[in-house]
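The values are calculated or read from the model by the stated rules, or taken from the named source; none is laboratory data. Note that the structure is a prediction, hence the values are computed from the model and not measured. Here Cβ is always computed from backbone atoms with ideal geometry, including for glycine, and neighbour counts include all displayed protein chains.
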């Protein structure tokens, strides 16, 4: 089975075209080599993929006949991603935590004046 189709079947990507794009960009490696979308994948292959700033590591157990439900995904792959990868993602979320809530939009005129006053006070010190 093609690598892009396999990743779509085991629900790492929502569509095959997104999986194909990830392959073309070099985000997917099979047995340590960058894989083209048409690369065949077999049982016991090791797959590394980078998605959402996490490096996932998978081992192929079996080839699914078609896209499988979320409960059946573990039959076809073993996820060997280290816990540190997910912890780093959590730290990244906290580092991006600004005083403005997400989706609030551009600073208002009052916000901009407060920011300007803050920087003016820093320059005087």
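Things to note:
- Residue 105, sole failed condition from (1) outside any helix (DSSP H, G or I); (2) touching a residue at least 24 places away in the same chain (Cβ under 8 Å): (2)
- Entry remark, segment 17-43: residues being assigned to a loop (DSSP other than H, G, I, E, B), surrounded by 12 or more Cβ atoms within 10 Å (Cβ to Cβ) and under 14 Å from the mean Cα position of the chain (by Cα) number 1 in total.
- When segment 75-103 is limited to residues that are surrounded by 11 or more Cβ atoms within 10 Å (Cβ to Cβ) and more than 19 Å from the chain's Cα centre (by Cα), the one that is modelled with the lowest pLDDT turns out to be 100.
- Residues (touching a helix residue (DSSP H, G or I) at 6+ places or on another chain (Cβ under 8 Å) and farther than 15 Å from residue 8 by Cα) located in segment 47-67: 52, 53, 54, 55, 61
- Any hit, segment 54-62, residues being exposed (fewer than 14 other Cβ atoms within 10 Å of the Cβ) and assigned to a helix (DSSP H, G or I): no
- Check on residue 46, more than 16 Å from the chain's Cα centre (by Cα), at negative phi and exposed (fewer than 15 other Cβ atoms within 10 Å of the Cβ): yes
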